[in-house]
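Beneath this line is the structure, given in structure tokens, with notes to follow.
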Amino acid sequence: MHKTYNYDLAGRTLSFEIGRVAELAGGDALVRYGDTVVLVTATASEKPRAGIDFFPLSIDYEERLYSVGKIPGGFIKREGRPSEKSVLTSRVIDRPIRPLFPKDYRNDVSVVATVLCVDQDASPEVAAMLGASVALSVSDIPFYGPTAALNIGLVDGQFVINPSSAEREKSDLALTVASTSEKVMMIEAGANEVSDETMFDAIMFAHAQNVKIVELIKKIAAECGKPKRAYEEHRVNDKLFSDIKSDIPDSAMEEAVFTDLKQIRDERMHALSDKFLEVHGGEFAEYGAENKDALDALISEALYKYEKQTVRRMILKDSKRPDGRKIDEIRALSSEVDILPRTHGSAIFKRGQTQVLTVTTLGPMSEVQILDGLDSSEETKRYMHHYNFPSYSVGETKPSRGPGRREIGHGALAERALLPVIPSEEEFPYAIRLVSEVLSSNGSTSQGSVCASTLSLMAAGVPIKRPVAGISVGLVTNDEAADPTDDFILLTDIQGLEDFFGDMDFKVAGTEKGITAIQMDIKINGLSPEIIKQALSQTHIARTHILDEVMLKTLDKPREATSKYAPKVALIAVAPDKLSEVIGPRGKVIKRIIEETGVSSIDTNDDGRIFVSDSDADKVEKAIKMIRSIVTPPEVGQTFEGRVTRLMDFGAFVEIAPEKEGLVHISQLAIDRVEKVTDVVKEGDILKVIVSEIDRQGRINLSHKQVLLAEKKNRR
């Protein structure tokens, strides 16, 4: 069956074609939005994956460069590893749909979104998110959706649905919201210091629009959807769980988890497991296990459930957190700068057992990152933020295999949080790279990296507009209520255990003026407006406290100068039509400037901006003077010191700027009469001259005689 459904979305036609392609996939949707076309499929394995305790959902957002009329760069000429944008989009597709599968579903599910054609005014990311919801809804996969998603911009104080590329350029907000018909499922935002109130209104505005699209997807599922398949339920062995609760009373479990140190809690939980195994290790058959090792795995799973129930009960019923803090209390904070003596900037930020080191490196503009993606408006990236999460940070032993999707996502979140305060190229003509090294992790390292990065930037002398701090708020709801979000508690500054056992990780970063970034992950079927509003309020209070009480007491403003180990970069802007004079044929002039001044690099932009870089400020200044002399027309009366390049019978030619010569007539070489030019000068001499005339043809006449007369007059 092939059916097409159309919907007008923000002045563009959104259409879903079902059953036209990919007929062997579990579910399919060919999504068209404007001229953007994305094919999304959803397929599940027949049987659950054995021996796992998680839902194996994989999301792949596949960019095809033919979609924007490009041939991939490099030798191989085909798409390689996913771009950072592709990874981030896969994560955004994943987050709103993952909570809407059965909690005990263990079948592999693969959602693939292939970008076939791109209209820069119609977001392929939004098309992919909507397509994923449709493909899952019409498939036979158990999925409790559908969801819908939109981008919201803020242009001239007005909310704009799915802004065009031109509108995105001037928008103060880049917000993505995914919703079901009742609740908000996912929030991702970058903002130019937007207030809490404006952000909340934007989220609710997006949700109201999403509800309308959800109704359309429900209609599609009703008309085109396959019957949902049955699946093998996975649950903790009832007898085993009952026996564990009999042997380990609630008080013992509370005592085990009630500590602010992760390693002590882990030791206590291992002790409980060992004690139970010691008594019941020979009873594996009674619990449906094949051997003692299999029983050990079942015990770990049952203890995890018991620990989760205990923690959630303590928090929700008694307002008692595992580490003894109040509900809105932040863990112990500390920060320090200049940890590393020769890097351009460094800082450590610590919150409880979460500790992050961020290092700032400054470079010339030639070191900006070149992007080869689908977005035509973003071909280079000057500010880069990378995040590393080594296994030792959580006390594990795992070899490093490079950054995974989580690391890329956390780095991008910190980058987005700081981008609004990064100075422009004109203010600070450097390429900027931050690297956040997670040294210890027990909750919200991404927001720890935001705080460490702010301090590192200020220590490096980067004139950021305002310092940025970040914090995370968690959520515990009542599982037994008809609507769990009717009975909830929000936790400021969640640690790892509260993240694992809680229902939400709501990360907000911002300045004293407003929000710069949000990322929200949830494990339940959505958030109510009340929860969102309260979460924004609590994060606002917390990040203000972190800024005022810790970060600004460590370093209250950016340093006046960059490190002596950082390169010195200067910017000079020239008329674009003068750029060719600075570069010269085949780069002859610019190479000469580099050779004569000794600067490391000179980079040019087509708009006339020229960046000069070297560790020696004097060399940079010398190169800038040479560039000015090339692009600035000489004026009569102006004095130069130039090199004699050629001798003629009638005078000497003197270079007053690279590739720019003037003639000193023989009569202007000295005060007295000169018989031969060689009696006064030879090639290579440095001669001080004054511009005496510029004729109609632009030829420059120079005088050394006038210089000598002026000096003689001054000596009297």
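The values are calculated or read from the model by the stated rules, or taken from the named source; none is laboratory data. Quick caveat: nothing in here was measured; it's all calculated off a predicted structure. When we count neighbours, we look across all protein chains shown, and the Cβ atoms used for this are built from the backbone with ideal geometry, even at glycine.
If you go through the stretch 286-302 one residue at a time, how many are outside any helix (DSSP H, G or I), free of Cβ contacts under 8 Å to residues at least 12 places away in the same chain and of a type outside the set (Asp, Glu)? Spell out the reasoning first.
In the first step, residues of the stretch 286-302 are kept if they are outside any helix (DSSP H, G or I); the result is 288-291.
Retained after the next criterion (residues that are free of Cβ contacts under 8 Å to residues at least 12 places away in the same chain): 289-291.
Narrowing the set further to residues that are of a type outside the set (Asp, Glu) leaves 289, 291.
The total comes to 2.
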Item to check | Residue selected from the stretch 219-239 under the condition closer than 30 Å to Asp296 by Cα and hydrophobic (A, V, I, L, M, F, W, C), by the criterion modelled with the highest pLDDT | outcome: Ala230
Item to check | Where a residue in the stretch 309-328 is under 22 Å from Ile244 (Cα atoms) and touching a residue at least 40 places away in the same chain (Cβ under 8 Å) and its partner, wherever it lies, is hydroxyl-bearing (Ser, Thr, Tyr) and surrounded by 14 or more Cβ atoms within 10 Å (Cβ to Cβ), with Cβ under 8 Å and at least six apart | outcome: Pro322/Thr259
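Suppose the filter is touching a strand residue (DSSP E or B) at 6+ places or on another chain (Cβ under 7 Å) and among the hydrophobic types (A, V, I, L, M, F, W, C); does Ile244 pass it?
On the way: touching a strand residue (DSSP E or B) at 6+ places or on another chain (Cβ under 7 Å): no; among the hydrophobic types (A, V, I, L, M, F, W, C): yes.
When the stated conditions are applied, Ile244 does not pass them.
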Next on the checklist: Which residue is surrounded by the most Cβ atoms within 10 Å (Cβ to Cβ), if the candidates are limited to the stretch 326-342 and must be in a loop (DSSP other than H, G, I, E, B) and of a type in the set (Val, Ile, Thr)?
Outcome noted: Ile330
Item to check | Selection within the stretch 347-388 - under 16 Å from the mean Cα position of the chain (by Cα), assigned to a strand (DSSP E or B), closer than 21 Å to Glu427 by Cα and not aliphatic (A, V, I, L, M) | outcome: Thr360, Gln369, Thr380, Lys381, Tyr383, His385
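Considering only the stretch 412-423, I want to know if a residue exists there that is assigned to a helix (DSSP H, G or I) and in contact with an Asp or Glu (Cβ under 7 Å, 6 or more places away or on another chain). Write out each step before concluding.
Step one: list which residues in the stretch 412-423 are assigned to a helix (DSSP H, G or I), which gives 412-421.
Right, trim to in contact with an Asp or Glu (Cβ under 7 Å, 6 or more places away or on another chain) and you get 412, 420.
Yes, the stretch 412-423 contains at least one residue that is assigned to a helix (DSSP H, G or I) and in contact with an Asp or Glu (Cβ under 7 Å, 6 or more places away or on another chain).
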Item to check | Test for Ala252: is it out of contact with any His (no Cβ under 8 Å at 6 or more places or on another chain) and without any contact (Cβ under 8 Å) to a residue 60 or more places away in the chain | outcome: yes
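Residue-by-condition table, conditions (1) within 25 Å of Lys305 (Cβ to Cβ); (2) outside any strand (DSSP E or B):
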residue: Val476; (1), (2): yes, no
residue: Ala481; (1), (2): yes, yes
residue: Leu490; (1), (2): yes, no
residue: Ile494; (1), (2): yes, yes
residue: Asp499; (1), (2): yes, yes
residue: Val508; (1), (2): no, no
residue: Glu512; (1), (2): no, yes
residue: Met520; (1), (2): no, no
residue: Leu536; (1), (2): no, yes
Checklist entry - Before we move on, is Glu283 in a helix (DSSP H, G or I), touching a residue at least 12 places away in the same chain (Cβ under 8 Å) and among the acidic types (Asp, Glu)? => result yes
Item to check | For Cys117: the one exception among (1) surrounded by fewer than 23 Cβ atoms within 10 Å (Cβ to Cβ); (2) out of contact with any strand residue (DSSP E or B) (no Cβ under 6 Å at 6 or more places or on another chain) | outcome: (2)
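Conditions (1) closer than 18 Å to Phe500 by Cβ; (2) in contact with a Ser or Thr (Cβ under 6 Å, 6 or more places away or on another chain); (3) not hydroxyl-bearing (Ser, Thr, Tyr), marked per residue:
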{"position": "Arg229", "(1), (2), (3)": "no, no, yes"}
{"position": "Glu232", "(1), (2), (3)": "no, no, yes"}
{"position": "Lys239", "(1), (2), (3)": "no, no, yes"}
{"position": "Thr259", "(1), (2), (3)": "yes, no, no"}
{"position": "Asp266", "(1), (2), (3)": "yes, no, yes"}
{"position": "Ala271", "(1), (2), (3)": "no, no, yes"}
{"position": "Glu283", "(1), (2), (3)": "no, no, yes"}
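Test Asp338 against the stated conditions and say whether it is over 20 Å from the mean Cα position of the chain (by Cα) and under 29 Å from Glu267 (Cβ atoms). Spell out the reasoning first.
Numbers: over 20 Å from the mean Cα position of the chain (by Cα): yes; under 29 Å from Glu267 (Cβ atoms): no.
No; evaluated as a whole, the condition is false for this residue.
Just to be sure before I move on: is Ser45 modelled with pLDDT of 95 or more, touching a helix residue (DSSP H, G or I) at 6+ places or on another chain (Cβ under 9 Å) and surrounded by fewer than 16 Cβ atoms within 10 Å (Cβ to Cβ) in the structure I sent? If you could, list the steps in order and put the result at the bottom.
Working: modelled with pLDDT of 95 or more: yes; touching a helix residue (DSSP H, G or I) at 6+ places or on another chain (Cβ under 9 Å): no; surrounded by fewer than 16 Cβ atoms within 10 Å (Cβ to Cβ): yes.
Against the criterion (modelled with pLDDT of 95 or more, touching a helix residue (DSSP H, G or I) at 6+ places or on another chain (Cβ under 9 Å) and surrounded by fewer than 16 Cβ atoms within 10 Å (Cβ to Cβ)), Ser45 does not qualify.
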Next on the checklist: I'd like to check something: does the stretch 631-643 contain any residue that is without any contact (Cβ under 8 Å) to a residue 40 or more places away in the chain, among the hydroxyl-bearing types (Ser, Thr, Tyr) and out of contact with any Gly (no Cβ under 9 Å at 6 or more places or on another chain)?
Outcome noted: yes
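Within the bounds of the stretch 560-568, is there any residue that is free of Cβ contacts under 8 Å to residues at least 12 places away in the same chain, surrounded by fewer than 17 Cβ atoms within 10 Å (Cβ to Cβ) and either under 30 Å from Ser179 (Cβ atoms) or touching a Gly at 6+ places or on another chain (Cβ under 9 Å) (or both)?
Of the residues in the stretch 560-568, the ones free of Cβ contacts under 8 Å to residues at least 12 places away in the same chain are 564.
Subset that is surrounded by fewer than 17 Cβ atoms within 10 Å (Cβ to Cβ): 564.
Next, from what is left, pick out any that are either under 30 Å from Ser179 (Cβ atoms) or touching a Gly at 6+ places or on another chain (Cβ under 9 Å) (or both): none.
Checked against the condition, which is being free of Cβ contacts under 8 Å to residues at least 12 places away in the same chain, surrounded by fewer than 17 Cβ atoms within 10 Å (Cβ to Cβ) and either under 30 Å from Ser179 (Cβ atoms) or touching a Gly at 6+ places or on another chain (Cβ under 9 Å) (or both), the stretch 560-568 yields no hits at all.
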Next on the checklist: I need the full set of residues from the stretch 65-82 which are of a type in the set (Ser, Thr, Tyr) and buried (at least 17 other Cβ atoms within 10 Å of the Cβ), in order please.
Outcome noted: Ser67
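Give the residues of the stretch 270-306 that are of a type in the set (A, V, I, L, M, F, W, C) and more than 47 Å from the chain's Cα centre (by Cα), sorted by residue number. Break it down stepwise before answering.
Taking the stretch 270-306 first, the residues of a type in the set (A, V, I, L, M, F, W, C) are 271-272, 276-277, 279, 284-285, 289, 294-295, 297-299, 302-303.
Within the stretch 270-306, Val279, Phe284, Ala285 meet the criteria.
Give the residues of the stretch 1-26 that are in a loop (DSSP other than H, G, I, E, B) and of a type in the set (Val, Ile, Thr), sorted by residue number. Before the answer, list the steps.
Taking the stretch 1-26 as the starting set, the residues that turn out to be in a loop (DSSP other than H, G, I, E, B) are 1-2, 10-11, 19-26.
Selection gives Val21 alone.
Is it the case that the stretch 303-321 has a residue that's within 24 Å of Val394 (Cβ to Cβ) and in a loop (DSSP other than H, G, I, E, B)?
In the first step, residues of the stretch 303-321 are kept if they are within 24 Å of Val394 (Cβ to Cβ); the result is 303-312, 314-315, 321.
Checking the rest, the ones that are also in a loop (DSSP other than H, G, I, E, B) come to 321.
Yes: the stretch 303-321 contains one or more residues that are within 24 Å of Val394 (Cβ to Cβ) and in a loop (DSSP other than H, G, I, E, B).
Residue-by-condition table, conditions (1) more than 24 Å from Ala222 (Cβ to Cβ); (2) in a strand (DSSP E or B); (3) of a type in the set (Lys, Arg):
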{"site": "Arg91", "(1), (2), (3)": "yes, no, yes"}
{"site": "Arg95", "(1), (2), (3)": "yes, no, yes"}
{"site": "Pro102", "(1), (2), (3)": "no, no, no"}
{"site": "Tyr105", "(1), (2), (3)": "no, no, no"}
{"site": "Asp108", "(1), (2), (3)": "yes, yes, no"}
{"site": "Val111", "(1), (2), (3)": "no, yes, no"}
{"site": "Leu116", "(1), (2), (3)": "yes, yes, no"}
{"site": "Ala128", "(1), (2), (3)": "no, no, no"}
{"site": "Ser133", "(1), (2), (3)": "no, no, no"}
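Among the residues of the stretch 703-714, which ones are under 17 Å from Ile656 (Cα atoms), part of a helix (DSSP H, G or I) and polar (S, T, N, Q)?
Narrowing the stretch 703-714 to residues under 17 Å from Ile656 (Cα atoms): 703-707.
Still in the list and also part of a helix (DSSP H, G or I): 705-707.
Listed by number, the list holds a single entry, Gln706.
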Checklist entry - Does the stretch 457-472 hold any residues that are of a type in the set (Gly, Ala, Ser) and over 23 Å from Glu188 (Cβ atoms), and which are they? => result Ala459, Ala460, Gly461
Item to check | Residues of the stretch 424-450 satisfying the condition of being outside any helix (DSSP H, G or I), of a type in the set (A, V, I, L, M) and under 29 Å from Val569 (Cα atoms) | outcome: Ala431, Ile432, Leu434, Val435
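Give Arg81, Arg98 a once-over and let me know the one that is charged (D, E, K, R) and out of contact with any strand residue (DSSP E or B) (no Cβ under 9 Å at 6 or more places or on another chain). Reasoning before the result, please.
Numbers: Arg98 fails: out of contact with any strand residue (DSSP E or B) (no Cβ under 9 Å at 6 or more places or on another chain).
Criteria check complete, one pass: Arg81.
Restricting to the stretch 439-475, and then to whatever is among the hydrophobic types (A, V, I, L, M, F, W, C) and surrounded by fewer than 24 Cβ atoms within 10 Å (Cβ to Cβ), can you tell me which residue is nearest to the chain's Cα centre (by Cα)?
It comes out as Ile464.
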